[in-house]
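Okay, structure first, notes after.
The values are calculated or read from the model by the stated rules, or taken from the named source; none is laboratory data. These numbers were taken from a predicted model, which means no experiment stands behind them. Heads up, the Cβs are rebuilt from the backbone with ideal geometry, glycines too, and the neighbour counts pull from every protein chain shown. For accessibility, only protein heavy atoms count, side chains too; no ligands or nucleic acids. Shrake-Rupley method; radii C 1.70, N 1.55, O 1.52, S 1.80 Å.
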Amino acid sequence: MPERTPKALRAAIAQHAPQLLVDFDRHWRRDIADAYDLAPVPAFMARWWSEYALARDPRLEAKAHALEDEAAQEPDYARAKTLIEEAGRIRRTAAKAEPGQ
């Protein structure tokens, strides 16, 4: 994982998960680039830190997406909730990665 800065994270995404770059840049321009308030930066970093951490492991990323897709099609609320919770656990675990890991 890169340093926890927007610049370092963007560089890591560009190098190792370029499929995320367009959305990262779009989100940055929309919510951060012209802002005079830095309050949204931590939320932005948390989201993209998690997305990048997950994208580094294609099998784990595929599992999270498959669970989310299955939940979207699941007619039983309890089962759909269980699937989403499992996908959330995968995402939260990936997001705990620290710089240098």
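State which residue is farthest from the chain's Cα centre (by Cα) when the search covers only the stretch 61-86 and only residues that are of a type in the set (Gly, Ala, Ser) and over 16 Å from Trp49 (Cα atoms).
Here the residue is Ala78.
Evaluate the stretch 61-77: report whether one residue or more is among the polar types (S, T, N, Q) and either in contact (Cβ under 8 Å) with a residue 12 or more places away in the chain or in contact with a Cys (Cβ under 8 Å, 6 or more places away or on another chain) (or both).
No, every residue in the stretch 61-77 fails to be among the polar types (S, T, N, Q) and either in contact (Cβ under 8 Å) with a residue 12 or more places away in the chain or in contact with a Cys (Cβ under 8 Å, 6 or more places away or on another chain) (or both).
Inside the stretch 5-23, can you point out the residues that are open to solvent by 90 Å² or more (accessible area, probe 1.4 Å) and closer than 12 Å to Ala53 by Cα?
Of everything in the stretch 5-23, just one residue is open to solvent by 90 Å² or more (accessible area, probe 1.4 Å) and closer than 12 Å to Ala53 by Cα, namely His16.
Taking the conditions exactly as written (under 20 Å from Arg91 (Cβ atoms), out of contact with any helix residue (DSSP H, G or I) (no Cβ under 9 Å at 6 or more places or on another chain) and open to solvent by 20 Å² or more (accessible area, probe 1.4 Å)), does Arg59 satisfy them or not?
yes
Assess whether Ala78 counts as being modelled with pLDDT under 95 and among the small types (Gly, Ala, Ser). Walk me through it before giving the result.
Numbers: modelled with pLDDT under 95: no; among the small types (Gly, Ala, Ser): yes.
Criteria not met by Ala78.
Would you check which residues across the stretch 25-50 are open to solvent by less than 40 Å² (accessible area, probe 1.4 Å) and either in contact (Cβ under 8 Å) with a residue 40 or more places away in the chain or within 21 Å of Gly100 (Cβ to Cβ) (or both) and list them?
Met45, Trp48, Trp49, Ser50 - these are the residues of the stretch 25-50 that are open to solvent by less than 40 Å² (accessible area, probe 1.4 Å) and either in contact (Cβ under 8 Å) with a residue 40 or more places away in the chain or within 21 Å of Gly100 (Cβ to Cβ) (or both).
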